[in-house]
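The values are calculated or read from the model by the stated rules, or taken from the named source; none is laboratory data. Quantities reported herein were computed from a predicted structural model and do not represent experimental measurements. As a convention, Cβ positions derive from the backbone with ideal geometry for all residues, glycine included, and neighbour counts pool all protein chains shown. With ligands, DNA and RNA removed, areas are computed over all heavy atoms of the protein, side chains included. Shrake-Rupley method; radii C 1.70, N 1.55, O 1.52, S 1.80 Å.
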Amino acid sequence: LTKLGNRYEFFERMEVEMVRSERSGSAYSLLFIDIDNFKVLNDSQGHHVGDQALVSLAEILTQSTRRVDTVTRFGGDEFVVLLPETEGKFCNVLVSRIKASADSAFKKHEWPISLSIGQVTEVGRRKNIDEILLNADNEMYIDKKTKH
């Protein structure tokens, strides 16, 4: 549907990036993205509209990132973006750009949804993939709570 990679591709690329970062000492970052009120959109406007929103977000993420980045639909209304050789300060700019683009697209279609985004930056293999994902997920929930 979204023409993005899946969880399997993410885990493969993440493993490669962690090894590369371990050797080079350069940071990588991860964004964990959730669509707020996605169930409300599906229930009120139908699953075909929900599918349109997923495709729209996939396009925004693809256009906002570099070719070396890995954009995946992680499940349902969750997306993960792996950003090789990327410091946290760049992520702040990217998150702002993604949220602004998404807000504009969602308002244009009158969709009652928004994004919550968690970000983490790591170097090497100090943590395993599950720990990094959990940290990014926790950061996403912090972002979600600041809205309400």
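Couple of notes before you dig in:
- Matching residues, the range 68-108, being under 21 Å from ASP51 (Cβ atoms) and free of Cβ contacts under 8 Å to residues at least 24 places away in the same chain: ASP103, SER104, LYS107, LYS108
- Test: ASP130 is free of Cβ contacts under 8 Å to residues at least 24 places away in the same chain, assigned to a helix (DSSP H, G or I) and closer than 21 Å to THR2 by Cα: no
- Set VAL55, VAL81, VAL93: member being hydrophobic (A, V, I, L, M, F, W, C), open to solvent by 20 Å² or more (accessible area, probe 1.4 Å) and within 24 Å of SER24 (Cβ to Cβ): VAL93
- Residue satisfying condition, being outside any helix (DSSP H, G or I), among the polar types (S, T, N, Q) and in contact with a Leu (Cβ under 9 Å, 6 or more places away or on another chain), within set THR86, THR62: THR86
- Top-ranked residue of the range 115-139 - restricted to ones that are within 14 Å of LEU94 (Cβ to Cβ) and among the polar types (S, T, N, Q), ranked as surrounded by the fewest Cβ atoms within 10 Å (Cβ to Cβ): THR121
- Selection count, the range 15-29, where residues are within 12 Å of GLY88 (Cα to Cα) and either assigned to a helix (DSSP H, G or I) or touching a Ser or Thr at 6+ places or on another chain (Cβ under 8 Å) (or both): 3
- Some residue of the range 105-116 being part of a helix (DSSP H, G or I), farther than 22 Å from GLU12 by Cβ and either of a type in the set (A, V, I, L, M, F, W, C) or in contact with a Phe, Trp or Tyr (Cβ under 9 Å, 6 or more places away or on another chain) (or both): yes
- Any hit, the range 86-109, residues being in contact with a strand residue (DSSP E or B) (Cβ under 8 Å, 6 or more places away or on another chain), more than 22 Å from LYS147 (Cα to Cα) and of a type in the set (Ser, Thr, Tyr): yes
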